[in-house]
Amino acid sequence: MTTSTFKKVWRIPLLLGILTLFGLLAALLGTGTWYGLAWVAMAIPLVLIIYHTFKK
Amino acid sequence: MAALKSIKRWFWWHRWSSLICTVFLLMLCLTGLPLIFADEIQQAMNTTRYEDLPKDAPKANIDLMVKQARARYPKEVVTFIFIDDDEPQVRVNMSPSWKPTDPGRHALQFDSRTGKLLNDEPSVAKKKLLWTDIIFSLHRDLLVDLPGELFLGLMGVLFVISIISGIVLYGPFMKKLDFGTVRKERSRRLKWLDLHNLLGIATAVWLLVVGLTGVMNELSTPLFGIWQMTDVKTMLTKYKGTPIASQDELSSVQAAYNTAMKATPGMTGTSIVYPGWPFGSPYHYLIWTKGNQAFSSRLFTPVLVNGRSGELTTVVKMPVYLRALEVSRPLHFGDYGGMPLKVIWALFDLVAIVVLVSGVYLWIVRRKFYTEYFKQIEAEAAL
């Protein structure tokens, strides 16, 4: 796989993975604002799933 | 074609690791769904009416609760006491024997502020099993304790292998496709293949974390067993041979609790294990304490207090593998970031169900596809 295809394929999955991991840890280690950030970060993969699954 | 060969090998791993664990994973996803909201369900089903007292009302003396309990069951032993930090209750657990699985074991529920007996619960054998208990047991051990825990742990390992191999396969599959491509018009098989890939890769990290922490949780019995046989045993060797105190000879449990609290500033006591209970010490009260902060409340520190003299023996340092287990719990349950996190957990769980079912579907139609293909070749050859 060339570098450009690698980037194209993995950019979004990697981003979603980092967001999920961030959300999991932010809620575990922090409180208050961190909770909010965790919810938003972890909702993004779900929103993308819903968008791509149901778009016409 | 080395690349093709390696893809085929990963595909083999993905197919078989998934197929073996799928039925169990499906059960785990379905039973796990209500368990995410276990606290809320329990609260809704809770029938205890507590007296309305101010929030900072002083706590009653635990010695007096134990006295009431022992007066009711003079032939039994007090095994451990649970001190709730959520509801104002103290639960004194008793049993006819020290056997952890004794069907006669039971609990007496006290109001932690008034010390009044609220509920003298029937024994485990006579207690009506709630649907939530059955679901939890199915999820943890398929209703068969340790063998079930180890078996589900093994299924968890297969699940983790299937996720990793799935991530590896995602790369070559998506080479010519944009993220999120779902080809709906061509065929049902293609549509579900695309959905399987999209849903799988978007939830991959969550699946991995919940899978790995699930395996860790299934290992809790052997891990605590190792600790008991190594660290705890070493700690207790110097007491070997000293007579074991009967319950009449024990020092005040409230005093032991206070001593433990003084030794661990900033911690809350959650339970007191009596001398003699197999998951503790024959000579000491073992007081489990936990931190007060969001994260530290997940980390427990046991304190040993001499059962006869009531003196502090030691604040035990937990080994790394038990710390890892403690951190694994919230990351598996999803109950640590408020209601929105629980809802997110449930949604991820639902997506996981779709990934599992679509995986099986793809395997079935793929086989049909191949058999039809072979039949066609055969028919052509016969002509």
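Peptide B:326-335 has a mean of 1 when you count, residue by residue, the C-beta atoms of other protein chains within 10 Å of its C-beta. Measuring from a point 7 Å past the Cα of B:Ala346 along Cα-to-C-beta, which residues in the range B:35-61 have an amide N at less than 16 Å? Under 16 Å, as judged by backbone N against the label point of B:Ala346, lie B:35-45 of the range B:35-61.
Annotation for B:Lys116 and B:Leu33: the two label points, set 7 Å from Cα along the Cα-Cβ direction, are 4.2 nm apart. Within straight cross-link reach of A:Lys55, meaning Cα distance under 18 Å, which lysines are found once same-chain residues fewer than 8 apart are removed? Answer for A:Lys55, where 18 Å is the Cα cut-off: B:Lys184, B:Lys191, listed by chain and number.
Quickly estimate the mean residue ellipticity at 222 nm for chain B, helices only: each DSSP H run with n ≥ 4 gives -39500 (n - 2.57), and the total goes over all residues, rounded to 500.
-18000 deg cm²/dmol
Which FRET efficiency value, to the nearest 0.05, is calculated for B:Lys176 and A:Leu25 with the Förster distance at 51 angstrom and r the Cβ-Cβ distance? FRET efficiency, B:Lys176 to A:Leu25: 0.90. Give the residue from B:Val66, B:Gly337, B:Pro222 lying farthest towards the positive end of the charge dipole for chain B; charges sit on Cβ (+1 for Lys and Arg, -1 for Asp and Glu) and the dipole is referred to the Cα centre. Farthest towards the positive end: B:Pro222. Spacing of the modelled spin labels on B:Leu312 and B:Leu190, each 7 Å from Cα toward Cβ, amounts to 7.2 nm.
For the range B:98-197, the set of trypsin sites (Lys or Arg not before Pro) satisfying both a DSSP loop assignment and a count of at most 15 other C-beta atoms within 10 Å is given as B:Lys116, B:Lys126, B:Lys127, B:Lys128, B:Lys175, B:Lys176, B:Arg183, B:Lys184, B:Arg186.
About the Cα centre, and with charges only on the beta carbon of Lys, Arg (+1) and Asp, Glu (-1), how big is the dipole of the range B:1-149? Nearest 20 debye, please.
700
Take the residue pairs A:Lys8/B:Lys342; B:Lys290/B:Lys317; A:Lys7/B:Lys342; B:Lys75/B:Lys233; B:Lys5/B:Lys175; B:Lys128/B:Lys290 and return only those whose Cα atoms are more than 22 Å apart. Pairs exceeding the cut-off: A:Lys8/B:Lys342; A:Lys7/B:Lys342; B:Lys75/B:Lys233; B:Lys128/B:Lys290.
Within the range B:246-278, list the residues whose amide N lies under 12 Å from a label point set 7 Å along Cα→Cβ of B:Asn61. Under 12 Å, as judged by backbone N against the label point of B:Asn61, lie B:252-255 of the range B:246-278.
Every number here is computed from the coordinates shown, using simple stated rules; none is lab data. Small disclaimer: the values here were computed from a predicted structure and weren't measured. Please note: Cβ atoms are built from the backbone with ideal geometry, for glycine as well, and neighbour counts cover all protein chains shown.
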